[in-house]
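First the structure, in the form of structure tokens, and then the observations on it.
Please treat every number below as a calculation from the coordinates, not as lab data. Quick caveat: nothing in here was measured; it's all calculated off a predicted structure. Cβ atoms come from the backbone with ideal geometry, glycine included; neighbour counts cover every protein chain shown.
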Amino acid sequence: MSEKNASPVLETRHVWKDYHIAGENSLFAKTFHAVEDVSLTVKKGETFGIVGESGCGKSTMARLLMCLELPDDGEIYFQGQRIDRLPEHARRKLRPRFQMVFQDSGSSLNPRKRVQDILSEPMLYHKIGNGKQIDRRVEELLSMVGLPVEMKGRYPHEFSGGQRQRICIARALSLNPDVVVLDEPVSALDVSVQAQILNLLRELQERLGLTYVFIGHGLGAVHYISHRIAVMYMGRVVEVGTSDELFDHPAHPYTKALLDAAPAADADARFRPRTALKGEIDEHPIAGACPLYHRCPNAGKGCLSFSGEIEEIAPGHFTVCRKAWEE
Amino acid sequence: MGALLEINQLNIAFRQGKKLCPVASGVSFSVQPGEILCVVGESGSGKSITALSVLGLLSRQGKVTGGEILFDGRNLLSLSEEEMDRIRGVDIAMIFQDIMYSLNPVFTIGRQMTEGMRRHRGLSKEAAEKEAVTLLERTGIRDAKQVMKKYPHMLSGGMRQRVMIAMALACKPKLLIADEPTTALDVTIQYQIMELLRSLRDETGMAILLITHDIGVVAEMADRVVVMYAGQCVEEAPLRELLTHPAHAYTKALMQAVPGLHDDRSRRLYSIPGYVPQEYGEMTGCRFAPRCPYGAECPEKREEGMREIAPGHLSRCAYKGGVKDE
């Protein structure tokens with residue numbers, strides 16, 4: 001696994017995505033910035049984690065990286081080629097090289113199709129291989145994700161949640177992608193099964209040289225699987241760093257609070273000192289101020305002007321918090 | 001001091017077609033007054049069903065097939081629906097994971113908050129409203145008067161859970177049953193709600209029976225812990241004892257399978273092979289045996305029942321006679 005000096009596979013530059021929320025009439029209609037000015041670089045062979053709470057824009061980010069949604073502003077590059085402005089038929093040709101796995105394995109598998117049909121559909125669609133080759137590939141995929149080959153004739157509902165997630169992973173791998181975007185792949189699973197899936201993802205990465213973008217809210221899981229992590233809050237990336245650096249030396253108050261809030265399986269956990277945030281996400285932030293201004297324990301006057309610039313505070317460790325720049 | 005809630009050898013089964021599928025077998029534990037007892041287990045362990053049966057809230061397919069549930073010395077299972085009504089929401093209150101569906105979307109928060117107080121305690125509308133505002137404020141809602149006028153969809157998940165907690169407190173319950181109260185919330189909000197529940201326990205002295213799948217939440221909240229697997233209690237111990245000397249192979253595995261925030265990332269994550277059994281009516285002997293890392297070495301796969309291995313520490317594990325190792 002190369003963490004350094006690897007070439008970027010996926011890149012976003014100043015990406016914005018707005019959603020328009022319809023109201024009773026035009027007066028009540030609102031625009032919601034789901035993603036604001038996000039620039040990220042995902043390198044070859046790494047796992048890039050994105051964490052944040054619900055509504056922070058992490059799933060929108062996943063959909064943007066896959067071009068399932070197109071950005072309102074900014075650019076998205078896949079292996080150096082700009083993909084957000086490609087016509088759909090040209091992007092479709094690139095699709096086999098970047099694939100996605102969703103959180104809800106139950107609803108992302110067609111209940112009326114057998115596993116073998118689910119797994120062979122991408123190959124049929126992209127006209128890869130003949131019948132025999134596809135059959136062989138389906139069996140290979142099943143054994144790759146640790147499912148018995150005899151199960152290929154079964155329907156999705158005959159599997160448990162963990163097994164279904166294995167099928168989703170197998171489907172994503174069926175076209176030999178370079179990048180797999182995983183949107184909360186283990187969040188819906190029991191902890192004992194979560195560990196199985198995380199181990200499987202790691203094995204597959206080593207074997208196939210895959211690049212992952214791993215979206216999650218379970219901090220332990222994201223830390224375990226990712227080489228680098230971006231923390232998102234209210235549509236912005238507030239901090240980026242290598243997993244260990246970010247978790248051991250968090251610089252942004254939001255990252256600190258997020259880490260401190262995560263319950264730890266330790267009898268003394270409840271007594272540790274913690275950074276706590278006040279209140280909840282502010283839907284009407286002060287224009288021009290840091291989005292965390294209302295909740296931040298060390299907000300000062302300077303925080304009322306927020307440029308959105310992200311600065312390097314240690315090698316490879318970036319944050320938008322101006323207080324952290326000064327330290 | 002006698003136990004506030006005592007569950008003895010409770011069996012619950014669900015009707016599936018013509019046969020009854022057991023979902024909880026021989027579940028026994030007790031909650032002391034003022035105590036926070038956490039029941040932890042994965043999906044299908046029977047933890048929620050056990051909690052629902054305490055309040056007689058099992059769906060029509062569910063049926064208690066044996067055992068007793070003693071609350072303040074009275075067997076809740078022998079009470080009539082009317083008598084249960086006087087306990088439900090009054091002496092025992094419950095909050096749920098599904099904050100979306102636990103509040104009625106067509107009534108204001110104020111209307112829903114006061115309903116219980118007016119019904120169970122005969123308060124006037126004004127008195128109930130005044131008290132509702134106090135309760136909301138106690139759960140950390142700042143502009144309680146405004147919130148009273150709002151509808152559930154206008155509130156965030158964290159606020160809705162606070163409202164649920166305030167409603168649960170309305171009749172000053174002796175026992176609060178909380179079924180995964182923070183699972184649907186973000187971690188920073190989860191932390192706020194955990195703090196709130198702990199401080200409310202300290203102030204009011206009510207006991208809390210907390211159902212969760214997250215061993216981290218257990219560590220933050222529990223005084224004592226019951227671990228459930230496949231419809232059975234497999235281990236019971238005070239918190240510190242359980243975390244430092246887990247005795248059952250399942251408890252150990254569960255703790256190791258959770259990646260910590262500062263763990264060495266290069267090591268392979270410990271995982272429990274296989275899946276939680278979907279049906280265990282036919283299973284004899286240790287239900288964890290097929291997935292147990294000691295399965296092969298374990299001398300006795302037969303059912304041993306819970307045994308006390310240290311004061312207050314019970315385990316069902318037969319491996320090495322259930323003794324604590326490490």
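Descriptive notes on the structure:
- Per-residue mean of C-beta atoms belonging to partner chains within 10 Å, peptide A:192-203: 5
- Charging the Cβ of each Asp and Glu at -1 and of each Lys and Arg at +1, and nothing else, the dipole of chain A about its Cα centre rounds to 1080 debye.
- Coupling constants for the range B:50-60 follow from the phi torsions by the Karplus curve (6.51 cos²θ - 1.76 cosθ + 1.60, θ = phi - 60°), and in residue order they are 4, 5, 5, 5, 4, 8, x, 10, 5, 5, 4 Hz; glycine and proline get x.
- Between A:265, A:170, A:314, the GNM of chain A built on Cα springs shorter than 10 angstrom shows A:265 fluctuating the most.
- Sites residue A:133 and residue A:286, calculated FRET efficiency, Cβ-Cβ separation with R0 45 Å, nearest 0.05: 0.15
- Residue mean of other protein chain beta carbons inside 10 Å, A:67-77: 0
- Neighbouring Cβ atoms from other chains, within 10 Å of the Cβ of residues in B:50-60, number 0 on average.
- Amide H contacts under 5 Å for residue A:100: A:181, restricted to partners 5 or more places along the chain or on a different chain, H placed in the peptide plane at 1.01 Å from N.
- Most fluctuating residue given options B:54, B:40, B:147, as computed from a GNM of chain B linking Cα atoms under 10 Å: B:147
- Of all aspartates and glutamates in the structure, those lying under 14 Å Cα to Cα from residue A:113, and not within fewer than 8 positions of it along the same chain, are A:121, A:158.
- Neighbour-limited loop hits for GluC sites (Glu not before Pro), the range A:239-324 (at most 10 other Cβ within 10 Å; DSSP other than H, G, I, E, B): A:283, A:309
- Residue-by-residue Karplus 3J(HN,Hα) for the range A:295-312, coefficients 6.51, -1.76, 1.60, Hz, glycine and proline x: 9, 6, x, 10, 5, x, 4, x, 6, 6, 10, 10, 8, x, 6, 10, 10, 7
- Calculated [θ] (222 nm, deg cm²/dmol) that DSSP helices of n ≥ 4 give over chain B, each run adding -39,500 (n - 2.57): -9000 deg cm²/dmol
- Other residues with beta-carbon under 14 Å from the beta-carbon of residue A:77 carry, at +1 per Lys or Arg and -1 per Asp or Glu, a net charge of +3.
- Build a GNM of chain B with springs between Cα atoms under 10 Å apart, and of B:279, B:235, B:126 the one that fluctuates most is B:126.
- Normalised contact order of the range B:65-147, rounded percent, pairs of Cα under 8 Å and 6 or more residues apart: 16
- The protein assembly as shown: C-alpha gyration tensor shape, a/c 1.5 cut-off, then a/b vs b/c: oblate
- Per residue of chain A, the DSSP helices (runs of n ≥ 4 H) give a summed -39500 (n - 2.57) that works out to -8500 deg cm²/dmol at 222 nm.
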